[in-house]
Amino acid sequence: AFTGTVTGAGGVNTPAFEAYTATSVGVSNNAWSKATFGTERFDTNSAFASSKFTVPSGEAGKYHFYTACRGGNDGANTLDLFQVAFYKNGSLYANNGTPAILFNASSATINNFGASLSQTMDLSVSDYVEVYVFVRTSVGSPDLLNDSFFGGHKIIE
């Protein structure tokens with residue numbers, strides 16, 4: 001067994017948060033919509049509010065974010081596109097599909113679909129990160145379905 005002294009190790013991966021949707025939330029059809037996550041599992045620095053994470057004072061650095069979202073269309077079986085993306089300071093930073101077409105509803109009966117995304121970002125104080133979803137359906141009302149989630153934490157450097 002090791003009996004020496006370790007130096008330069010340790011630390012905590014905070015700020016950290018995770019939030020999820022407890023119920024389905026309506027989103028726009030055929031457009032990017034901000035995903036809303038109304039229930040927090042944890043939020044170590046109170047940096048997650050209004051469905052966005054904002055880097056607190058003194059906490060600039062590298063952060064790892066993750067999300068898994070499900071899009072649906074009221075069971076109409078005509079969902080033909082679903083994407084998820086991270087937005088940084090209101091602009092697209094990374095999304096999960098290029099090209100964007102993930103499936104073709106004319107050859108399948110799909111009423112919900114899930115997608116995940118993870119990304120590491122170098123952030124300054126007051127930068128903020130949000131999740132957006134893109135749902136396209138020819139029938140029904142598009143939704144961000146319950147149990148979609150968004151989380152992240154600072155990386156120890």
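The values are calculated or read from the model by the stated rules, or taken from the named source; none is laboratory data. As the structure is a prediction and not an experimental result, all values here were calculated from the model. Using ideal geometry, Cβ is built from the backbone for each residue, glycine included, and neighbour counts are taken over all protein chains shown. SASA here: full protein model, heavy atoms, side chains in, ligands and nucleic acids out. Shrake-Rupley method; radii C 1.70, N 1.55, O 1.52, S 1.80 Å.
Numbers below:
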item	result
Tally, over segment 48-57, of residues that are within 17 Å of residue 152 (Cβ to Cβ) and either among the basic types (Lys, Arg) or in contact (Cβ under 8 Å) with a residue 40 or more places away in the chain (or both)	6
Within segment 64-91, tally of residues that are assigned to a strand (DSSP E or B) and at pLDDT below 75	0
Segment 148-157: number of residues that are touching a His at 6+ places or on another chain (Cβ under 7 Å), buried (at least 22 other Cβ atoms within 10 Å of the Cβ) and assigned to a loop (DSSP other than H, G, I, E, B)	0
Residues of segment 92-147 satisfying the condition of being part of a strand (DSSP E or B), over 13 Å from the mean Cα position of the chain (by Cα), acidic (Asp, Glu) and at pLDDT 90 or above	122
Near pairs, Cβ below 7 angstrom, 6+ apart or cross-chain, from segment 19-47 (in contact (Cβ under 8 Å) with a residue 12 or more places away in the chain and part of a strand (DSSP E or B)) to any residue that is among the charged types (D, E, K, R) and surrounded by 17 or more Cβ atoms within 10 Å (Cβ to Cβ)	25/143; 26/143; 29/136; 34/130; 41/18; 42/18
Residue 27 vs. criteria open to solvent by less than 50 Å² (accessible area, probe 1.4 Å) and under 23 Å from residue 110 (Cβ atoms)	yes
Candidates 49, 60 - the one that is modelled with pLDDT of 95 or more, out of contact with any strand residue (DSSP E or B) (no Cβ under 7 Å at 6 or more places or on another chain) and open to solvent by 30 Å² or more (accessible area, probe 1.4 Å)	49
